[in-house]
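Participant: Here it is: the structure, laid out below.
Just so you know, all these numbers are worked out from the coordinates, no wet-lab data involved. Keep in mind that this is a model prediction, so the values were computed, not measured. Because the Cβ atoms are built from the backbone with ideal geometry, glycine has one as well, and the counts that use them run over all protein chains shown.
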Amino acid sequence: MSKTFPMGGIHPPDTKISAAAPITPLAIPAEVVIPLGQHIGAPAEAIVKAGDKVKAGQLIAETAGFISANIHSSVSGTVKKIDDVADPCGYSKKAVYITVEGDEWAEGIDRSSTLKKEITLDREAIVEKIKAGGIVGMGGASFPTNVKYMIPEGKTADTLVINGVECEPYLTADHRLMLEYADEMLVGVEILRVALGVEKAVIGIEENKPDAIKLLTEKSAEYAGITVESLHMQYPQGAEKQLIKACTGREVPSGKLPIEVGCAVNNVGTAYAVYQMVQKNQPLVERVVTVTGKQVSKPSNFLVRIGTSYAACIEAAGGLPEDTGKVISGGPMMGMAVADLSIPVAKGTSGILMLPKAESVRPEVEHCIRCGACVSVCPMGLEPYLLEKFARADKWDQAEQRAATDCMECGCCSYACPSGRPLLDYIRIAKGEINNRRRARASQ
Amino acid sequence: MWAVSIALIPAFVASVTFFGPRALAVLAVGVLSCVLTEAFIQAFMLKKPVSVSDGSAVVTGLLLAFNIPVSIPLWMVAVGGFVAIGIGKMAFGGIGNNPFNPALVGRAFMTTSFAAPMTNWRLPLVFDGSTGATPLGIIENAASTGMSAIQSELPGYFDMFIGNIGGSLGETSALAILLGGIFLIARGLIDWRTPVFFLGSLAAFTGIFWGIAPESYADPLFHVLAGGAMLGAWFMATDMTTSPMSRNGRIVFAVGAGLLTGVIRLFGAFPGGVSYAILIMNALVPAIDSHIRPKRFAQGALHEKA
Amino acid sequence: MDSTMMYSLLTLGGVAGGFAMILYIVARRFHVEEDPRVAEVEAMLPGINCGACGFPGCSGLAEALVAGAEKKDLSGMYCPPGGSDTMSAVAEYFGLAAPTSAPTVAVLRCNGSFDNSPRRAEYDGPSSCAVAHKLGTAGSACTYSCLSEGDCVAACNFEALYMDPTTGLPVVIDENCTSCGACVTACPRDLFEIRLLGKGKKPRRVWIACRNRDRGAVARKNCSVACIACGKCVRTCDTIVKAISMKDNLAYIDPDICIACGKCVPECPTGAILATFPVKAKQEDSQEPVSTGTENTH
């Protein structure tokens, strides 16, 4: 029997309708909007101004703080302005607007498809390069990758875990990447393994992608340190702690990072981006985006330049179906409904999902019948029903005591609730409030 | 909740087969009184939308009727239904808020108020429909008379399994209850732990006494099949609202209810103890919920820290 | 039978005696000397523990008042829900002058009604502003505006707020508002402010009904009555009392300085400044009267 994480979790229908669609480059739009805050942490600071000429791959904004990431232009052209743009959440963030002129790349960037295998750099140089390339976690959280590889003193890593799980329904970007860029991705894994200074790297892939498991098992044979782990399908296996548990059997304690148990986790998309930067000098300026939906005429996987609008992606996939109820940025479980299709694709945009009206309606909220479904599906072993109650009654201390901050917002509880209660919505409120109070306590 | 009603169909069929058309009348009155009470309270006292269509009042009515003898006057059933829903459920705020299983509240009320009619057991029609004691009633004084003396009066295990014995409407046929229970587990509506640990602990408890003094006590299999143990374990102790939320909590709840059932049966004044055992454990659910928490992710590390 | 009764009596009597001793000892040991005046003062207060006075509940204020009376100084202690009636009763009890405070009221600093600021998307999450606020796409295109889910109405203990279904905005009933500040805390977008009620039988006050800190063009695009930070009101008021300041693309009228003359109201090109009284349009402009938005006539 294949491995998985032991507690909680759900089995939503996987609906990977775009799994057979090969990755195709999306046409470069006439204008891109590159947000300065595409990652967790401080937004980058722009170093260009209106009227500047930029080339694709050129640095346009620099890190601002320890947890931050560089931003590069994804196109060549002229900076039109630096102005606000809405993020998928709806709030305004600063962004660089660039009018596209041709497709000229900055010097030193190798756009050829020749595979470059030998790794010439050492650990520090690789981490420095990852930082320079503005590479962030491509799975969705967008945590700056280089920070993960600065191992705190007293801790040692021994295993690199690569996330090829893609447990979110609908999304196929990572799946296609593993199939079509397997060699590049494996070199990327090898680079990350060197950067972490470990012997062992495990690529975890769920069983619903047998072709990827087969291909990577074959290809990884030539790398001594890399193994492929076939995992039993279960959501949320792509969550860091659950993936480490499934692949290595280790449990990351509450409030701690994976390094606590000697692991680091990166997505397959990140490994590919690392390959592009370290071997080919190409910073993170494009990514694979799944554009899908049951009524979408051409469910696709596009290689999209960062800053391309959602509308352009949707248009290329055959346009917005008439019956669309919600457009979701990301997957259906953890993604976010967007209100404005002019917003740009960012480094963390793994998919654009169009849900028909009938499927996007929230269920009527009824009384909690204490069935315990939320408790048994919670992969962190929390009590979502109680946390919701506490959040509704402003009882933040009790919510904190019951470990609300352990919640990773996978949404299993809301999915499983037979009464349609908005459990996760309220747990988010509790988490925010608890973090505010912790900050207030710390500053006292 | 409608799924629970579907799961009760085998027991429903069994009760009508064994106890005849009057069983149908008792069931109808039980369901009607529960549904009407809930609708009346919601519409006229709370002035809120009526939610009887969720099927939970129907389940309560069915379970209540399953827990009473067929010979009972119908007006008593109606009173029981009123108490079950009015006091057992709506007084606490309706669905999801009641601490006690409403059907058992109704039954407990009827047992104390109408003691004689509530113990006027009939043997199933397939026998002769005459008045007769339940298996548990027969062994009530086994400690003094000795099991061998009453062995001839006791029904065989096969009769007890299919339900060819005296007792309440729905509790007699272990087979019918098992069918419904398996349906509920297959649909993921109940946790298998509750009935397994309930019946397991009851069997273990009675088994110890039987092992020590087989002449004074009935064997564990008898206790599992007799009285309301099957109905209680599969349909009453598994009630979502009145059982704990976490898996470990449900195990504690089920073991507690099983042991209490054994204690009441062997040492209490009543021959059967399932309903009171479950009611007592219902009262302990808040305590169980606050002390027996689900296993957290990386629980081991939490203990190390503490 | 007799001995049974005897034993019962003795046991129960013994138990009762034992408990009585424990209670007596505990009561003596942990006795706290409390000023009887605290309880009496507390009885005069409304007893709703709203916290608007800044003390922990009514007993907290009562204790502070008694302590203040020792020093013959009640200043800084005021019960907004009780108002001057309560405070003069308390002052009379101590034989001191009543602390005064100008009456205040909660004011909504947003006018993004359904018409003024059309909703961007259909929000179908839980009806809670706190939840909706997590999602910028809820409510109107303006991310500073009222979310219309009524957390403030739910927080109000005095029936001083209701949700107007036609505008999607909460309305303050001045007469009921005790300015306890519950709505100020409840609003995740900080749209309520406790401001001076104003003078007159129909109290006069003027405020900027906008919290949008976007650039003018963006703000205007999202809401027709947004403050676009043009600065006209500031320039107007600078010639009068200098009550208006500009910060982060947003004007603010200091209620302590404002004399509610209403001169700034017609100056505002978007109508973001509201007043409780009708204001005449500027002479040189057209004859159209400037809309003043709210006429609090409840």
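Participant: Residues with amide H under 5 Å of residue A:76's amide H, sequence separation 5 or more or different chain, H placed in the peptide plane at 1.01 Å from N; which?
Facilitator: Under 5 Å from the amide H of residue A:76: A:56, A:101, A:104.
Participant: With a ≥ b ≥ c taken as the square roots of the eigenvalues of the C-alpha gyration tensor of chain A, please select rounded if a/c is under 1.5 and otherwise prolate if a/b is larger than b/c or oblate if it is not? Walk me through the numbers before you get to the answer.
Facilitator: On the way: a/c = 1.39, a/b = 1.22, b/c = 1.14.
Rounded, since a/c falls under 1.5.
Participant: Take the alpha carbon gyration tensor of the range A:396-444, find the square roots of its eigenvalues, order them as a ≥ b ≥ c, and report rounded if a/c is under 1.5; if not, report prolate when a/b exceeds b/c, else oblate. List each step's numbers first, then the result.
Facilitator: Values: a/c = 2.99, a/b = 2.84, b/c = 1.05.
Prolate shape, in that a/c is at least 1.5 and a/b is the bigger ratio.
Participant: Could the peptides B:44-55, A:309-320, A:345-356 be put in order, highest first, of the mean number of other beta-carbon atoms found within 10 Å of their residues? Before the final figure, lay out the partial values.
Facilitator: Numbers: B:44-55: 12.5, A:309-320: 19.2, A:345-356: 25.1.
Result, highest mean Cβ count within 10 Å first: A:345-356, A:309-320, B:44-55.
Participant: Let me ask you something else. Mind checking A:151-164 for the average number of partner chain beta-carbons within 10 Å of each residue's beta-carbon? Let's see the in-between values first.
Facilitator: Numbers: counts 0, 0, 0, 0, 0, 0, 0, 0, 0, 0, 0, 0, 0, 0.
Mean inter-chain Cβ contacts per residue within 10 Å come to 0.
Participant: Rank the residues B:206, C:4, A:227 as a footprinting-exposure proxy: fewest other Cβ atoms within 10 Å of their Cβ go first. Mind dumping the intermediate values first?
Facilitator: Details: B:206 25, C:4 8, A:227 16.
If I rank by nearby Cβ atoms, fewest first, I get C:4, A:227, B:206.
Participant: Report, as an integer, the average count of C-beta atoms from other chains found within 10 Å of each Cβ along C:121-134. Intermediate values should be presented prior to the final figure.
Facilitator: On the way: counts 7, 5, 2, 6, 4, 10, 2, 6, 0, 9, 7, 1, 3, 8.
Partner-chain Cβ atoms within 10 Å, mean over residues of C:121-134: 5.
Participant: Can you divide the C-alpha Rg of the protein assembly as shown by 2.2 N^0.38 Å and report the result to two decimal places? Don't jump to the answer; show the numbers that get you there.
Facilitator: Working: Rg = 35.7 Å, N = 1048, 2.2 N^0.38 = 30.9 Å.
This ratio for the protein assembly as shown stands at 1.15.
Participant: Let me ask you something else. Just the ratio, please: alpha-carbon radius of gyration of chain C over 2.2 N^0.38 Å, N its number of residues.
Facilitator: That works out to 1.41 for chain C.
Participant: Another question, if that's okay. Which of the listed residues, A:217, A:146, A:189, is farthest toward the dipole's positive end in the range A:142-264, when Lys, Arg count +1 and Asp, Glu count -1 at the beta-carbon?
Facilitator: A:146
Participant: Using the membrane-span-like helix rule (whole DSSP H runs, Cα extent along the own axis of at least 18 Å, mean Kyte-Doolittle hydropathy at least 0.0), which helices of chain A qualify? Mind showing how you got there, number by number?
Facilitator: Details: long enough: A:182-196 (21 Å, 1.24); A:423-443 (30 Å, -0.78).
Helices meeting the criterion: A:182-196.
Participant: Separate question: Could the peptides A:437-443, A:300-306 be put in order, highest first, of the mean number of other beta-carbon atoms found within 10 Å of their residues?
Facilitator: Values: A:437-443: 9.3, A:300-306: 24.7.
Averaged packing, sorted descending, gives the order A:300-306, A:437-443.
Participant: Springs between alpha-carbon pairs under 10 angstrom, Gaussian network model over chain B: which of B:12, B:270, B:161 fluctuates most?
Facilitator: With Cα springs under 10 Å in chain B, the top fluctuation among B:12, B:270, B:161 is at B:270.
Participant: Cross-link list A:117/A:280; A:241/C:134; A:117/A:347: which exceed 18 angstrom alpha carbon to alpha carbon? Write out the running numbers ahead of the final one.
Facilitator: Working: A:117/A:280 11 Å; A:241/C:134 25 Å; A:117/A:347 25 Å.
Checking Cα-Cα distances, A:241/C:134; A:117/A:347 exceed 18 Å.
Participant: In what sequence do B:210, B:234 fall when counting other Cβ within 10 Å, fewest first?
Facilitator: Details: B:210 21, B:234 26.
Ranking B:210, B:234 by Cβ neighbours within 10 Å, fewest first, gives B:210, B:234.
Participant: Inverting the mean 1/r over all pairs of different Cα atoms, compute the Kirkwood radius of the range A:193-306 and quote it in Å. If you can, show how the numbers build up before the last one.
Facilitator: On the way: mean 1/r = 0.0615 Å⁻¹.
Mean inverse Cα-Cα distance, inverted, gives 16.3 Å.
Participant: Taking one equal scatterer on every alpha-carbon of the range A:316-444, how large is log10 of I(q)/I(0) by Debye at q = 0.11, 0.17 1/Å?
Facilitator: Result of the Debye calculation: -0.49, -0.96.
Participant: Please tell me which of these pairs span more than 23 angstrom C-alpha to C-alpha: A:55/A:80; A:256/A:395; C:247/C:280; A:94/A:131; C:72/C:201?
Facilitator: Working: A:55/A:80 14 Å; A:256/A:395 25 Å; C:247/C:280 27 Å; A:94/A:131 21 Å; C:72/C:201 33 Å.
Listed pairs above 23 Å: A:256/A:395; C:247/C:280; C:72/C:201.
Participant: Using only alpha-carbon positions, what ratio does the radius of gyration of the range A:322-383 give when scaled by 2.2 N^0.38 Å?
Facilitator: On the way: Rg = 15.5 Å, N = 62, 2.2 N^0.38 = 10.6 Å.
Normalised by 2.2 N^0.38 Å, the Cα Rg of the range A:322-383 equals 1.47.
Participant: Over the protein assembly as shown, what is the percentage of antiparallel beta bridges among all DSSP beta bridges, to the nearest 5?
Facilitator: On the way: 56 of 81 bridges.
Beta bridges within the protein assembly as shown, antiparallel portion: roughly 70 percent.
Participant: Oh, and also: For chain C, what does -39500 (n - 2.57) per DSSP helix run (n ≥ 4), summed and divided by total residues, give at 222 nm, in deg cm²/dmol to the nearest 500?
Facilitator: Working: 10 runs with 97 residues, N = 298.
That comes out to -9500 deg cm²/dmol.
Participant: Report, as an integer, the average count of C-beta atoms from other chains found within 10 Å of each Cβ along A:369-381.
Facilitator: Mean partner-chain Cβ count within 10 Å for A:369-381: 6.
Participant: Give the peptides C:164-175, C:204-215 in descending order of average Cβ contacts within 10 Å, highest first. All intermediate terms of the calculation are to be shown ahead of the outcome.
Facilitator: Values: C:164-175: 16.5, C:204-215: 22.3.
Top to bottom by mean Cβ count within 10 Å: C:204-215, C:164-175.
Participant: Counting each DSSP H run of 4 or more residues in chain B as -39500 (n - 2.57), what helix-only mean residue ellipticity at 222 nm follows after dividing by all residues, to the nearest 500 deg cm²/dmol?
Facilitator: Details: 17 runs with 180 residues, N = 306.
My calculation for chain B gives -17500 deg cm²/dmol from helical runs alone.
Participant: Still on this model: I'd like the distance separating the alpha-carbon centroids of the range A:255-295 and the range A:107-131, in whole Å.
Facilitator: 15 Å
Participant: Further, regarding this structure: With the cut-off at 24 Å, tell me which of the pairs A:3/A:389; C:199/C:242; A:129/A:431 have Cα atoms farther apart than that.
Facilitator: Correct reply: A:3/A:389; A:129/A:431.
Participant: OK, next. In whole Hz, with x marking every Gly and Pro, tabulate ³J(HN,Hα) for the range C:63-78 from phi via Karplus 6.51 cos²θ - 1.76 cosθ + 1.60, θ = phi - 60°.
Facilitator: Values per residue, Gly and Pro as x: 4, 5, 5, 5, 4, x, 4, 4, 8, 6, 9, 9, 5, x, 10, 8 Hz.
Participant: Rounded if a/c is under 1.5, else prolate if a/b is larger than b/c, else oblate: which is chain B, with a ≥ b ≥ c the root eigenvalues of its Cα gyration tensor?
Facilitator: Numbers: a/c = 1.83, a/b = 1.09, b/c = 1.69.
Since a/c reaches 1.5 but b/c is at least a/b, the shape of chain B is classed as oblate.
Participant: Mind sorting A:2, B:5, B:201, C:140 by how few other Cβ atoms lie within 10 Å of their own Cβ, fewest first?
Facilitator: Working: A:2 12, B:5 17, B:201 20, C:140 23.
Fewest-to-most ranking of A:2, B:5, B:201, C:140: A:2, B:5, B:201, C:140.
Participant: log₁₀ I(q)/I(0) of the range C:121-166 at q = 0.13, 0.19, 0.34 Å⁻¹, via Debye over equal Cα point scatterers, no solvent, to two decimals?
Facilitator: Values returned for q = 0.13, 0.19, 0.34 Å⁻¹ are -0.29, -0.60, -1.29.
Participant: Now, a different point. Under the 0.36 nm per residue contour assumption, what length would be gained going from the current alpha-carbon distance of residue C:100 and residue C:48 to full extension?
Facilitator: 16.7 nm
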